[in-house]
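The values are calculated or read from the model by the stated rules, or taken from the named source; none is laboratory data. In this text, all values refer to a predicted model and were calculated from it rather than measured experimentally. Here the Cβ positions follow ideal geometry from the backbone for every residue, glycine too, while neighbour counts run over all protein chains shown.
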Amino acid sequence: MSDLLKDKALVIGIASSALFDLAQSDEIFREQGVKAYERYQNDHIDEPFQPGVAFPFISRLLRFNDLFDDRHKGVEVIVLSRNSPKTGLRVMNSIEHYHLGITRAVFRGGRSTFPFMDVFNMSLFLSANAQDVDAAVAAGQPAGCVLPYSAADADDDGNELRVAFDFDGVLAGDSAERNFRRMQQEDPDNALEQYAEYEREHADQPIEGGPLKRLLAGINTLQEAAARSTMEGKPSLRVYLVTARNAPAHKRAVQTLEQWGLTVDEAFFLGGLDKTEVLNKLSPHIFFDDQLSNLSARSLHIPAVHIPFGVTNGRNNS
């Protein structure tokens with residue numbers, strides 16, 4: 001792994017499609033082609049894009065840099081874009097317009113950007129391009145696809161950031177899910193009971209880390225910095241675990257986090273219940289889940305990210 005940015009608490013790659021609303025630009029690209037797209041961006045170069053799905057998450061995350069005197073620490077967000085350097089100027093102008101602390105960018109003129117995640121020690125890559133995200137995850141990288149979401153960021157407390165995670169296939173690997181599926185094939189009538197017993201017996205055995213384990217570790221580092229800081233009006237960060245696990249399988253999740261040395265502020269063990277109402281009540285600025293079915297409900301009113309990892313998504317990432 002590269003030493004570049006190694007002292008940062010957190011390094012995140014963001015595609016312009018996740019940071020800003022590019023719906024109109026994408027429509028022009030699809031219907032009229034590259035040249036029309038380039039002309040459109042050039043004609044509107046001083047017109048900032050509207051905020052996109054991941055904008056509330058990124059903008060709040062960057063505020064934690066105020067807690068660090070050392071510029072080599074804290075949060076680094078890097079634009080990873082398929083735009084050309086020329087068309088990327090509007091992206092950078094939009095970043096400047098919103099006073100986002102983003103100074104680094106990669107514009108690859110139509111080529112995939114995720115191969116540079118290792119170079120920058122990234123813990124996450126966010127994009128609205130599902131193909132790019134799929135390719136990144138297939139290559140073993142922590143990536144997520146932001147889903148369409150048009151609600152404005154109406155949170156009055158701009159200093160608070162709320163982040164929610166699923167557990168299996170997101171923070172942890174998918175070994176538990178693979179075990180359950182094997183049990184379903186072998187004995188469908190008793191699979192749930194067998195799974196519960198297996199998790200009870202292995203409660204003290206930590207599950208392997210999943211794609212976003214490093215992201216939670218970085219978030220915990222930011223929480224610790226906020227707790228130490230005496231800065232007036234300092235940013236705050238609250239982390240939720242929202243999982244289909246329930247008792248007795250909840251114990252293994254809790255103890256896995258403890259043995260990793262990581263923490264969440266609140267945990268919801270829903271036992272297969274629909275997550276929608278809980279998530280809407282929590283109102284996180286972003287929620288990560290590996291099961292698209294948990295994110296596709298029209299009644300879900302939060303920014304959501306699909307992590308296409310593991311057996312749930314037809315992959316063998318183990």
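Evaluate the following for residue 129: is it more than 22 Å from residue 302 (Cα to Cα), of a type in the set (S, T, N, Q) and not assigned by TED's automatic domain parsing to the domain that holds residue 209?
Answer is no for this residue.
With the requirement that a residue be modelled with pLDDT under 95 and assigned to a loop (DSSP other than H, G, I, E, B), what does region 109-118 give you?
109, 110, 111, 112, 113, 118
Starting from residues that are among the small types (Gly, Ala, Ser) and surrounded by fewer than 22 Cβ atoms within 10 Å (Cβ to Cβ), keep the ones in region 174-204 and report whichever is farthest from residue 54 (Cα to Cα).
Within region 174-204, the match that is farthest from residue 54 (Cα to Cα) is 191.
Given the criterion farther than 25 Å from residue 284 by Cα, part of a loop (DSSP other than H, G, I, E, B) and touching a helix residue (DSSP H, G or I) at 6+ places or on another chain (Cβ under 7 Å), identify the matching residue among 189, 204.
None of the others qualify; the one that does is 204.
Return the residues of region 82-108 that are of a type outside the set (Val, Ile, Thr), assigned to a loop (DSSP other than H, G, I, E, B) and farther than 16 Å from residue 136 by Cα; say none if nothing qualifies.
83, 84, 85, 86, 98, 99, 100, 101
In region 189-229, how many residues are polar (S, T, N, Q) and under 18 Å from residue 72 (Cα atoms)?
Of the residues in region 189-229, 4 are polar (S, T, N, Q) and under 18 Å from residue 72 (Cα atoms).
What strands (runs of 3 or more DSSP E) lie completely within region 226-318 and have 2 or more residues being under 28 Å from residue 138 (Cβ atoms), modelled with pLDDT of 95 or more and hydrophobic (A, V, I, L, M, F, W, C)?
Passing ranges, in order: 236-243, 286-289, 304-306.
Among the numbered criteria (1) free of Cβ contacts under 8 Å to residues at least 40 places away in the same chain; (2) in a helix (DSSP H, G or I), which single criterion is violated by residue 134?
That leaves (1) as the condition not met.
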